[in-house]
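Let me begin by presenting the structure, written as structure tokens, before commenting on it.
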Amino acid sequence: MNTERDPRWLAIAARDRAADGRFYYSVKTTGVYCRPSCAARRPKPENVAFHATAADAERAGFRPCKRCKPDLAQPGEAAAAVIAAVCRLIEGSSKRLALADLARHAGLSPSRFHRVFKAATGLTPAGYADARRAERVRHSLAAGSPVTEAIYGAGYESGSRFYEKSDGALGMTPSNFRAGGRGESIRFAVGECSLGSILVAQSGRGICAILLGADPDALVRELQDQFPRAELTGGDAAFETHVAVVAAFVEEPARGLDLPLDIRGAVFQRRVWQALREVPPGATASYSEIARRIGAPGSARAVANACAANPLAVAIPCHRVVRNDGGEGGYRWGVERKRALLANEAAPRALTPGSSPRSRPRSGTSTDTAATRPESSHASRTPYGPA
């Protein structure tokens with residue numbers, strides 16, 4: 001590829017600090033390597049080579065620039081490492097830790113620590129601890145543990161404290177969660193958009209699934225796999241308007257989605273998804289960058305797995321996460337759709353909108369998916385990779 005056409009060269013030319021850490025560049029005439037934001041004189045493009053990491057640049061025989069010091073952690077990276085250590089401390093504790101104790105461990109005042117922690121993870125320290133305990137409950141209930149044992153084993157001091165927040169933590173009562181969602185009612189409908197078929201499902205708390213694909217029946221099977229014992233009911237005419245709203249949002253993400261979301265996932269997944277929702281239309285972020293933003297540097301592969309588990313296409317914009325080298329990476333609903341979404345957001349008219357969404361509700365039908373279920377379509381998903 002011509003260096004001047006490489007998006008990484010544009011970041012170097014703009015001295016874009018947002019690109020720092022995503023890649024490094026070396027200059028063969030000086031024998032040094034730099035961060036994209038380095039203030040040194042801009043080299044000629046024909047003398048530039050790109051490297052995914054500082055270690056790669058050094059293995060290629062280049063030495064670190066004395067001006068931008070690419071071999072040293074930046075202040076933001078150091079803070080991320082501190083927050084990551086505090087996250088591990090919270091996760092390893094069987095009881096709630098006081099804010100003052102966590103701040104002391106981080107070497108910050110309580111107020112500053114609170115701000116830094118929330119900026120890095122998207123959650124307050126108390127919110128992170130609650131989410132982590134809720135995740136323990138989820139794993140225990142999914143493994144078949146009795147409800148009381150799962151609650152106290154996760155570190156809750158009383159059952160009432162957990163039940164106060166169980167709807168937000170599990171999306172249903174603990175007993176229903178343990179039974180695989182039995183008794184939960186979910187409405188859904190299938191429509192069409194310029195990316196193919198789109199399925200929208202709603203629980204009592206909000207939109208809980210937005211799925212994309214070429215085969216409407218495969219999308220329904222995927223929904224059944226996601227909620228194995230819930231009662232799935234075809235939406236009525238009023239519900240079809242939700243499909244139209246979501247389809248319009250897919251065509252024009254900048255307009256926003258004015259519908260409540262029922263976001264369910266483990267604590268790490270929710271941290272990743274919150275960070276993704278902060279990436280604006282037209283912008284992208286690497287897997288490594290998202291890992292740093294949530295205070296977990298080095299967890300790029302786990303970030304990729306969280307993207308692959310995203311149940312809300314476009315509403316949680318995992319299509320905006322790319323590889324460190326600028327490559328597209330994978331996408332749960334197909335790389336071609338990811339490419340089309342990114343092109344649409346970069347140039348709104350690059351993706352020709354389809355006709356008005358055509359809803360295909362399973363009107364009057366109710367599916368208890370605990371009975372015989374169709375074969376899962378998950379095997380056809382495109383794998384993610386943070387390379």
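The values are calculated or read from the model by the stated rules, or taken from the named source; none is laboratory data. Note that this is a predicted model, so its numbers are computed, not measured. Neighbour counts are summed over all protein chains in view; Cβ atoms, including those assigned to glycine, are modelled from backbone coordinates with ideal geometry.
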Inset, instruction - Hey, can you tell me all the residues within region 1-21 that are in contact with a helix residue (DSSP H, G or I) (Cβ under 6 Å, 6 or more places away or on another chain), of a type outside the set (G, A, S) and either assigned to a loop (DSSP other than H, G, I, E, B) or surrounded by 15 or more Cβ atoms within 10 Å (Cβ to Cβ) (or both)? - result: T3, W9
Inset, instruction - Scan region 203-211 and give yes if some residue there is farther than 27 Å from V303 by Cβ and either out of contact with any strand residue (DSSP E or B) (no Cβ under 8 Å at 6 or more places or on another chain) or not in a helix (DSSP H, G or I) (or both), otherwise no. - result: yes
Inset, instruction - Mind counting the residues in region 97-130 that are within 25 Å of Q269 (Cβ to Cβ) and either assigned to a loop (DSSP other than H, G, I, E, B) or touching a residue at least 40 places away in the same chain (Cβ under 8 Å) (or both)? - result: 8
Inset, instruction - Check region 323-331 and report whether any residue there is at pLDDT 90 or above and either crowded, with 18+ Cβ neighbours inside 10 Å or more than 14 Å from the chain's Cα centre (by Cα) (or both). - result: yes
Inset, instruction - Could you tell me whether V303 is under 19 Å from A52 (Cα atoms), modelled with pLDDT of 85 or more and in a helix (DSSP H, G or I)? - result: yes
Inset, instruction - Working only within region 274-309, note down all residues that are farther than 17 Å from R17 by Cβ and hydroxyl-bearing (S, T, Y). - result: Y287, S299
Inset, instruction - Name the single residue, out of those in region 22-32 being farther than 20 Å from P297 by Cβ and not aliphatic (A, V, I, L, M), that is surrounded by the most Cβ atoms within 10 Å (Cβ to Cβ). - result: Y25
Legend entry - Leading residue by the ranking (modelled with the highest pLDDT) among those in region 68-83 that are surrounded by fewer than 20 Cβ atoms within 10 Å (Cβ to Cβ) and within 14 Å of I290 (Cα to Cα): A81
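Yes/no matrix, rows are residues, columns are (1) closer than 30 Å to E240 by Cβ; (2) at pLDDT 70 or above; (3) under 26 Å from the mean Cα position of the chain (by Cα):
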residue: P110; (1), (2), (3): no, yes, no
residue: I151; (1), (2), (3): no, no, no
residue: F188; (1), (2), (3): yes, yes, yes
residue: G191; (1), (2), (3): yes, yes, yes
residue: S194; (1), (2), (3): yes, yes, yes
residue: I198; (1), (2), (3): yes, yes, yes
Legend entry - Any pair with Cβ under 8 angstrom, 6 or more apart, that starts in region 42-57 at a residue that is free of Cβ contacts under 8 Å to residues at least 60 places away in the same chain and ends at one that is among the acidic types (D, E) and surrounded by fewer than 18 Cβ atoms within 10 Å (Cβ to Cβ): P45/E4; A54/D71
Inset, instruction - Sort out which residues of region 271-300 are part of a helix (DSSP H, G or I), within 19 Å of K118 (Cβ to Cβ) and modelled with pLDDT of 90 or more, and write them in order of number. - result: V272, W273, Q274, A275, L276, R277, E289, I290
Legend entry - Search result, residues across region 22-50 that are in a loop (DSSP other than H, G, I, E, B), closer than 13 Å to S286 by Cβ and not basic (K, R): P36
Legend entry - Residues (closer than 11 Å to L199 by Cα, touching a Leu at 6+ places or on another chain (Cβ under 8 Å) and either of a type in the set (A, V, I, L, M, F, W, C) or not in a helix (DSSP H, G or I) (or both)) located in region 218-236: L219, V220, L223
Inset, instruction - Give the residue that is modelled with the lowest pLDDT, with candidates limited to residues of region 1-14 that are under 17 Å from N324 (Cα atoms) and in contact with a Pro (Cβ under 9 Å, 6 or more places away or on another chain). - result: T3
Inset, instruction - Would you confirm whether any residue within region 252-262 is crowded, with 19+ Cβ neighbours inside 10 Å and either of a type in the set (S, T, N, Q) or modelled with pLDDT under 85 (or both)? - result: yes
